[in-house]
Amino acid sequence: MRTRTKLSIGYLPLIDCAPFVVAYEREMFQKWGFDVYLSHEPGWATIRDKIVYGEVDFAQAVCGLPLVLNFGLRSIPCKCACAMILNLNGNAITLSKKWGASKDDEPEEILKKLKAKKSFPLLFGVASFFSSHYFLLLRWLKSIGLNPHKEVRIVALPPPQMPLHLKQGLIDGYCVGEPWNSLALFEETGSCVATSLDLAPGHPEKVLLAGAKHSEKKKEEHVRLVGCLIEACQWADNPEHRAELSEMLHYGNWIRQPLDVIRHSLVGPFRLGKNTFIPGRAFHVFNPEKANKASQEKEEWIIHEMEEAHLLPKASPRQSSFLDKTVYLQAEKLLSSKNEKRLATVSLIL
């Protein structure tokens, strides 16, 4: 009997940690030859540090982190690899109720109240300055005529802390992943004014980040893990599985929030104002077409957004890609081969 490879994977309690949870709860990790410990982390800075110092082998990460670590941008340089996009979309912008918004207000009505009562600078929270949350928030602020560098202050906060900061009046709003927007809606402390679908539909969200040893010496394990997680993403993306996935996240204590809060965006419909309802499969995209592929297009989107956010000089030279397309293609072939063998086995049995 083959010995299972022991791995530690860091994650945050967000709905887009679902691929790891599915692989764990449905014993996909074991089937692919892994003995996995999922390490619950408080925030993205902890994820960064644990990858840098080798305390976890892999991690769920915000989309800009592979670039940050490989090129030493505001961080200790660290050789790491990213061969898989875990999901697309999944974010929303929530404003505090102190701006006079009710859950039935349309986003346009909320913005009118915000501008009428404005007392600058406004204070907003994001999960990380290298995340899609920051990029989306900048887009939204510019779209409503606010200068994000003069009329707004933006601070980094761990996602689970954002609803509490909003409730206590410490921030005016935030951009974050789920279920932390839905929690503010259910507690009636905030109102959502925009989602990923409004600002950058189909944008890369979280990625699988591999530490140094798996980016350089243990490629076979990296390929197997990506194959396993593609299979988990396929399961998670199926609309027929979303209710079960919500229960998995809730009853397994992966996300310690009420089941209805988790279901709000995962099963849907996610309510935006009085008349807009977003299906769960549109809000959270785990697998259709090439969602998981580490492509040149996704890499260019991340670089462009970091340039627009003044985190990178425009047209700055980069010696190499920070997304590993080869590992993903090998994992895709491995998964296809495994599926063919399963079908052949079933045919023999029948």
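The values are calculated or read from the model by the stated rules, or taken from the named source; none is laboratory data. All figures in this text were calculated on a predicted structure; none of them were measured in a lab. Note that each Cβ is placed from the backbone with ideal geometry, even for glycine, and that neighbours are counted across all protein chains shown. Heavy atoms of the whole protein, side chains included, go into the accessibility calculation; ligands, DNA and RNA do not. Shrake-Rupley method; radii C 1.70, N 1.55, O 1.52, S 1.80 Å.
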#### Entry: Accessible solvent surface per residue of the stretch 91-198, calculated while the other protein chains remain in place, 1.4 angstrom probe, Å²
38 Å²
### Message
Apply the Karplus curve 6.51 cos²θ - 1.76 cosθ + 1.60, θ = phi - 60°, to the phi angles in the stretch 47-63 and return the couplings in whole Hz, x for Gly and Pro.
### Response
4, 4, 5, 5, 5, 4, 9, x, 7, 10, 7, 9, 7, 5, 8, 5, 5
### Pair GLU307, SER119: separation of 7 Å Cα→Cβ label points (nm)
4.1 nm
### Query
Given the convex hull of the Cα atoms of the stretch 91-198, what is a quarter of its surface area in nm²?
5.8 nm²
### Task
Between LYS142 and LYS290, take the C-beta separation as r, use R0 = 25 Å, and let me know the FRET efficiency to the nearest 0.05.
0.30
### Message
If the reach is capped at under 23 angstrom between alpha carbons, list the lysines near LYS338, excluding any in the same chain fewer than eight residues apart.
### Response
LYS6, LYS31, LYS218, LYS219, LYS290, LYS293, LYS325
### Summary
Once phi for every residue in the stretch 82-98 is put through the Karplus expression 6.51 cos²θ - 1.76 cosθ + 1.60 (θ = phi - 60°), the whole-Hz ³J(HN,Hα) values, with Gly and Pro written as x, are 9, 10, 8, 8, 7, 6, 10, 6, x, 10, 8, 10, 10, 10, 5, 5, 5
## Note on the structure
So, with points 7 Å from each Cα along the Cβ direction, the ASP35-HIS149 label distance in nm works out to 5.3 nm
### Message
As an exercise, find the ratio Rg/Rh for the chain from alpha-carbon atoms, using the Kirkwood inverse-distance average for Rh.
### Response
0.98
#### Entry: Modelled label reach - GLU216, point 7 Å along Cα→Cβ, the stretch 53-83 residues with backbone N closer than 11 Å
78-80
### Query
Per-residue HN-Hα couplings for the stretch 195-212, Karplus 6.51 cos²θ - 1.76 cosθ + 1.60 at θ = phi - 60°, whole Hz, x for Gly and Pro?
10, 3, 5, 7, 9, 7, x, x, 6, x, 10, 8, 10, 8, 9, 9, x, 4
### Query
With all protein chains present, how much of the accessible area of the stretch 91-198 (probe radius 1.4 Å) comes from carbon and sulfur, to the nearest whole percent?
52 percent
